[in-house]
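Working notes, structure below.
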Amino acid sequence: MSASTTDIPLRVQRPRLSPGARTHSTDGTDASLRSSSLDSFDINTEDAPTHMALERRLGLWSGMAIVMGSIIGSGIFSTPALILESVGSVGMSLVVWVVGALVSLCGCAAYMELGTMLPQSGGEKAYLDAAFPRPRALLAFVFCACAIFVASPSGLAADGVVAGSYLLYAATGQAQGHAAWAERLIGVLVTVLCGVIHAVCARAAIRVQTVLTAVKALLLVLVVGVGALSALSAPNAGAAAPSDLFAGSARSANAYAGALFKVFFAYSGYTALNYAVDELRDPARTLPRAALGGLALTALLYILSNVAYFAVLDADAVRSAGTTVAGVFFTRTLGPLWGQRVVPVLIALATLGNVMCGTFAASRLVFAAAREGYVPMGHLWGAVSMRFQTPVWALGASTVLTCVYIVAPPPGQAYALLIDVGGYSTWVFSGLAVLGLLRLRWTRRELPRPFRVWMPAVAVSLAAAAFMCVAPFVSPPPASETEAEPAATLPYWAAPLASAAFIVLACGLWCVQVVLRRGLERAQYIKQGG
């Protein structure tokens, strides 16, 4: 989720307190809480909280900008080669991108009904709480645990690895053949840099994010424009013959699941406004228009960008480019100076923008979960530095987790593995949220529904979620049935099994933290009011 919405001032409201209750002084600086005792982390867990309401400053165009800024990241600049490798042909690669766009639009529409029916910030946490209230906070807790420990850090780690690969491409002019740990070392440095900036200078971090979001959008427009001009000047430079577009297409459900994980990773972020409904003017009208409009425009740019890649580069060139396909594309079209030195640095900066946004969002998730009693030592992870007015401990936790994900996977597979690990748990809870939509239609018919999604779109979303949860466990065909299949050091089921195992582990953590330790009752911050 993009952090660009955090530059919006807060309205601070005090709830009615019981006699004798003590309160901490708060303000809205940098969307953070502040108390006089936070520096020492000596917080009375029975203190009454302060309820914050955000100014409704976001309209249609600003909402669309947030959605597009959240979606556009490393995926479109790095996954086309991985997707081609999975599905085996240029034509099927383009089909997968189109299918990903259509499924994402269906999922976005389902989330729009949830967001307008339950107009409160929080995304899946709020929807799962409303649709599945029993056992108490189970699904919301497991979602937060998976987002904090799996989905968020794995996605940020993937972006950090891509930033490293493009910086190395700009420095060496080579798409492959770097030292095994070079990309990941740069990824760690990028992650730590983003965490430090957010910790000590939050306002500067927000300004940097705004600039880098503009860079991302302009790069996509540049890809499409350069590809169109190159195709007109040399129409047969990279495009496969129509009869060969689907030659060598994969026949395994596992291959398509792997490709779709990467496509959906590139499209992820369209739910960004669901986490900021409190900040929207007229959310019933603005939310669906901004989210669906931003996603549709981004999907169009994505599909045209892939057409541009294949119009300039043949399939072998795309495969050999790996995660630096955009760099190779610009080198071929703009020459070694701009294409090999300048544009790859801009792509690395654009990816760094995703790390910046994601670092903020991930740390705030840790911060919020700690204050609601979802994690042990909430007084520490939910504390705010008086000096910097930022949740430095939450930022430190999310930064360390991201670095672990960068260095842990085996060399050569890191990027694809990170996407698959984070993507699996994301699809589990996305499917549960859409299933909760149907349950709320049956159990809470009195709720107003300003936006009502078409049932076929709900069916598509549920079918996609089911496929993405089952297909990764289907064995791929033997290597002899595929062409140029890379040697793997991990079994095909490693990533989904790791995610599924953590979901089960999170249920056990819920028993410990919520049931045995009564974390919700002991929390220093419990939401009150609407």
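Approximating the spin labels as points 7 Å out from Cα along Cα→Cβ, the ASP244-to-LEU102 distance works out to 2.8 nm. A full extension of the chain between LEU380 and ARG439 corresponds to an added length of 17.5 nm, given 0.36 nm per residue minus the alpha carbon distance. Distance between the modelled labels on LEU505 and ARG207, one decimal in nanometres: 4.1 nm (7 Å Cα→Cβ projection).
Here the Kirkwood formula, the inverse mean of 1/r across different C-alpha pairs, assigns region 419-466 a hydrodynamic radius of 11.8 Å.
Phi angles of region 160-165 translate, via the Karplus equation with coefficients 6.51, -1.76, 1.60 and θ = phi - 60°, into HN-Hα couplings of x, 5, 5, 4, x, 5 Hz per residue; Gly and Pro are given as x. Rounded to the nearest Hz, the phi-derived 3J(HN,Hα) couplings of region 224-229 under the Karplus curve 6.51 cos²θ - 1.76 cosθ + 1.60 (θ = phi - 60°) are 5, x, 5, x, 5, 5, where x marks glycine and proline.
Estimated from the Cβ-Cβ distance and a Förster radius of 45 angstrom, the FRET efficiency linking ALA459 and ARG518 is about 0.65.
Relative to the compact-globule scaling 2.2 N^0.38 Å, provide the ratio for the alpha-carbon radius of gyration of region 261-376. Intermediate values should be presented prior to the final figure.
On the way: Rg = 18.7 Å, N = 116, 2.2 N^0.38 = 13.4 Å.
Output field value: 1.40.
3J(HN,Hα) couplings calculated from phi for region 389-404 with the Karplus curve 6.51 cos²θ - 1.76 cosθ + 1.60 (θ = phi - 60°) are, in sequence order, 6, 9, x, 5, 5, 5, 4, x, 5, 5, 5, 5, 4, 4, 4, 4 Hz; Gly and Pro show x.
The spacing between region 357-404 and region 188-206, judged by their C-alpha centroids, is 13 Å. Footprinting exposure proxy ranking of HIS198, HIS379, fewest other C-beta atoms within 10 angstrom first, gives HIS379, HIS198. Hey, if you drop one equal point scatterer on each alpha-carbon of region 317-376 and run the Debye formula without solvent, what base-10 log of I(q)/I(0) do you get at q = 0.13, 0.15, 0.25 Å⁻¹? Calculated log10 I(q)/I(0) at the listed q: -0.52, -0.58, -0.94.
Given a Förster distance of 45 Å, report the FRET efficiency between THR172 and ARG387 from their Cβ-Cβ distance, rounded to the nearest 0.05.
E between THR172 and ARG387, to the nearest 0.05, is 0.65.
What does the charge count around ASP159 come to, taking other residues whose C-beta lies under 14 Å from its C-beta (Lys +1, Arg +1, Asp -1, Glu -1)? Don't skip to the answer; put the middle values down first.
Working: positive: ARG184, LYS216, LYS262; negative: GLU183.
Summing Lys and Arg as +1 and Asp and Glu as -1 gives +2.
Approximating the spin labels as points 7 Å out from Cα along Cα→Cβ, the VAL342-to-LEU300 distance works out to 2.8 nm.
When the Cα atoms of region 139-214 are enclosed in a convex hull and the volume is divided per residue, what value in Å³ results? If you can, show how the numbers build up before the last one.
Details: hull volume 10.0 nm³, N = 76.
That works out to 132 Å³ per residue.
Read the figures in this text as sums done on the coordinates, not as results from a lab. Since the structure is predicted, the reported quantities are computational estimates derived from the model, not experimental observations. Positions of Cβ are backbone-derived with ideal geometry, glycine not excepted, and every protein chain shown enters the neighbour counts.
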